[in-house]
Amino acid sequence: GSDVVAMALSIWSGGPPYCLVFNNSEQSDLEAPDVLSTGVWTHVAFSLSGSVGKIFVNGQPVATNNSMNLPRALIRTNNYVGLSNWPGDDQPPDAMIDDFAIWSRALSQSEITDRMGAALTGHENGLVGCWDFNAGTAKDITTNGHNGILNSGATIKAQQINITDGSWTLTNLPTLTN
């Protein structure tokens with residue numbers, strides 16, 4: 001067996017956000033109750049603290065599994081954002097990604113909410129990797145050097161978008177598209 005952590009904005013074609021953890025041959029998973037809306041920016045976060053896994057959508061917890069497996073150790077050479085690791089499941093998403101971050105610890109709901117509209121500097125406590133795509137590349141803005149490569153026709157394009165929900169506004173966001 002092997003250890004795997006996978007997170008998806010959509011399970012299969014058109015499903016809700018989903019997370020799974022394989023620990024040796026044991027699988028545990030977590031699925032949000034609703035499919036993400038199309039045509040609107042949505043903030044999605046996955047957290048794992050001990051055996052408690054959570055999915056947050058726009059800062060609100062929408063799914064919890066209190067008995068998630070923990071991976072023993074993950075040493076991966078290939079890690080994908082927007083593409084599957086499994087052969088035959090390589091359809092790129094019809095989505096735009098503004099930024100992507102991996103943390104060494106589970107963030108609290110308030111930390112997730114506070115960071116939703118804020119640009120990370122790359123120096124935040126526990127930040128393992130952060131790709132904001134602002135330089136037109138998949139360069140990790142932390143000092144950890146986990147730089148990415150754009151594959152499968154992915155491009156970075158500047159786009160003027162104003163998103164206001166009463167608590168935050170984002171403008172001039174570069175986005176990763178395919």
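Before moving on, here are some points about what is shown:
- In the assembled protein chains, LEU150 presents an accessible area of approximately 70 Å² (probe radius 1.4 Å).
- Projected label distance in nm at ASN58 and VAL128, using a 7 Å step from Cα toward the beta-carbon: 2.9
- Using R0 = 25 Å, the C-beta based FRET efficiency linking ASN66 and GLN109 works out to 0.95.
- Length released on extending from ILE149 to MET7, taking residue separation times 0.36 nm less the Cα-Cα span: 49.2 nm
- Nearest-0.05 FRET efficiency for SER51 and THR137, computed from C-beta distance (R0 30 Å): 0.25
The values are calculated or read from the model by the stated rules, or taken from the named source; none is laboratory data. Everything numeric in this text was worked out from a predicted model, so none of it was measured. A quick note on method: Cβ atoms are made from the backbone with ideal geometry, for glycine too, and the neighbour counts reach across all protein chains shown. For the accessible areas, the whole protein counts, side chains as well, though only heavy atoms, and no ligand, DNA or RNA atoms are used. Shrake-Rupley method; radii C 1.70, N 1.55, O 1.52, S 1.80 Å.
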